[in-house]
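The numbers here are math on the coordinates, done by the rules we state, and not lab data. Keep in mind it's a predicted model, so treat the numbers as computed, not measured. Cβ: placed from backbone, ideal geometry, glycine included. Neighbour counts: every protein chain shown.
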Amino acid sequence: MILGNKCDMEDKRVISTEQGQKLAAEHDVAFMETSAKANINVEEAFTQIARAIKKKMDQKTVSPPAPTGPQSIKATDSNAAPKKGCC
């Protein structure tokens, strides 16, 4: 997530909302403007980040990718046939 901080200080703005949104889109992440002083979007930013982390963690635990290649045969698998051929 990209956060535009101090959004309550319009007169000191260096980056526009549009620039922040464009940068976030280029990196495929969320964008939000915040102000700790004025309590604008602070809790919402933490909540969005926490939800995104949880979603990624849930995806990892629910459907891990199946191993491929020679390392996919476990050393403890005594029924696994040896691979033939070179390379």
Give me a comma-separated list of calculated 3J(HN,Hα) values for the stretch 12-17, in order, Karplus coefficients 6.51, -1.76, 1.60 applied at θ = phi - 60°, integers in Hz, x for any Gly or Pro.
10, 4, 10, 10, 6, 4
May I ask which residue of N5, A45, T17 lies farthest towards the positive end of the charge dipole of the stretch 2-63, with charges of +1 (Lys, Arg) and -1 (Asp, Glu) on Cβ and the Cα centre as origin?
A45
Check I2: other-chain or 5+ apart residues with amide H under 5 Å from its amide H, H built from backbone geometry?
A30, F31, M32
I want to check the label-to-label distance for H27 and R51. Put each point 7 Å from Cα in the C-beta direction and report it in nm to one decimal.
2.1
In Å and whole numbers, how far do the C-alpha atoms of the stretch 2-63 stretch along each principal axis, longest first?
48, 26, 9
